[in-house]
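Structure record follows, encoded as structure tokens.
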Amino acid sequence: MCDLKELFDSCAFCYDDYMRSKGLYQTEKKILKKLFHLLNDKTILDLGCGTGELSCYISGHTTAKIIGMDISPKMIEIANKKKKKYNLNNISFYNLDIYSIPQSWNFDFIICSFILGYLRDKNSFINIINKICKEEVILIGVNEKLTIPTKEGEIKKHWEKIDYNKLEKNLLSINLKFNGKFIEKNIFIKRYTKF
Ligand SMILES: C[S@@+](CC[C@H](N)C(=O)[O-])C[C@H]1O[C@@H](n2cnc3c(N)ncnc32)[C@H](O)[C@@H]1O
């Protein structure tokens, strides 16, 4: 079995086509739009940003300052091409593993879109969120398994179903409280706010 970085590198070239063909980006954006008024002038981290589609969308419609990071160099390469194409100045992309996030980083908002199922160490994830989140965590997920075309079988081996009840308990332990959700078709967005 190859590692996640290699796997996501191998499907980076077709990732956007796949997401669009399934209508996933379109639905995500439709819901995310409802939160734009909260994001102006805020600092945002897009954890596991993939090809940067959501980061670029927020960047183009708000005055937020955004950092997108992903473990896959190929995903980041595509994200940087989009940034250049759309001439977006309030966004930076980094090829970084979430578990190596610099201690000094902190953000008003953290966006986790279709990534939680791939994170191997959920406790470390909670500790990291605790250190870097100042205001709110936005979790975006889909009510079905993503069957990304390339090496799909391998990718599924890395994916595990999220126990949201357990996750919510853990978030509560770091003072993050469930603050509502939006659902559109098969996509949901859950908000967790610091209290
Ligand atoms: C299903 S994709 C989601 C991409 C994007 N967030 C979206 O909404 O389309 C999952 C992404 O998480 C990234 N990823 C997985 N584990 C990671 C880690 N430990 N650190 C950073 N990125 C990671 C993968 O490289 C991949 O791009």
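The values are calculated or read from the model by the stated rules, or taken from the named source; none is laboratory data. None of the values given here were measured: they were computed from a predicted structure. Glycine gets a Cβ as well: all are built from the backbone with ideal geometry, and neighbour counts include every protein chain shown.
Summary table
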quantity: Criterion: at pLDDT 95 or above, farther than 18 Å from F93 by Cβ and either away from the ligand (no atom under 12 Å from the Cβ) or part of a strand (DSSP E or B) (or both) - qualifying residue of L45, L38; calculated: L38
quantity: Top-ranked residue in region 1-25 [being more than 12 Å from the ligand (Cβ to nearest atom) and touching a helix residue (DSSP H, G or I) at 6+ places or on another chain (Cβ under 8 Å); ranked as modelled with the lowest pLDDT]; calculated: M1
quantity: Residue in region 127-135 that is assigned to a loop (DSSP other than H, G, I, E, B), farther than 30 Å from H37 by Cβ and modelled with pLDDT under 95 present; calculated: no
quantity: Subset of region 98-119 (residues that are without any contact (Cβ under 8 Å) to a residue 60 or more places away in the chain and out of contact with any helix residue (DSSP H, G or I) (no Cβ under 8 Å at 6 or more places or on another chain)); calculated: S100, P102, S104, G117
quantity: The listed residue being in contact with an Asp or Glu (Cβ under 6 Å, 6 or more places away or on another chain), part of a loop (DSSP other than H, G, I, E, B) and more than 13 Å from the ligand (Cβ to nearest atom), out of T51, T63; calculated: T63
quantity: Given (1) outside any helix (DSSP H, G or I); (2) at pLDDT 95 or above; (3) more than 8 Å from the ligand (Cβ to nearest atom); (4) not hydroxyl-bearing (S, T, Y), index of the condition C56 fails; calculated: (1)
quantity: Members of region 158-189 found to be assigned to a strand (DSSP E or B) and not aliphatic (A, V, I, L, M), listed by number; calculated: K177, F178, N179, G180, K181, F182, E184, F188
quantity: Top-ranked residue in region 39-80 [being over 15 Å from the mean Cα position of the chain (by Cα) and among the acidic types (D, E); ranked as surrounded by the fewest Cβ atoms within 10 Å (Cβ to Cβ)]; calculated: D41
quantity: Region 66-99, residues that are in a strand (DSSP E or B) and either away from the ligand (no atom under 11 Å from the Cβ) or in contact with a Cys (Cβ under 8 Å, 6 or more places away or on another chain) (or both); calculated: I66, I67, G68, M69, D70, I91, S92, F93
quantity: Residue in region 108-115 that is at pLDDT below 95, within 16 Å of the chain's Cα centre (by Cα), over 20 Å from C56 (Cβ atoms) and within 13 Å of the ligand (Cβ to nearest atom) present; calculated: no
quantity: Filter result (touching a strand residue (DSSP E or B) at 6+ places or on another chain (Cβ under 9 Å) and either free of Cβ contacts under 8 Å to residues at least 60 places away in the same chain or of a type in the set (D, E, K, R) (or both)) within region 23-41; calculated: E28, K30, K34, D41
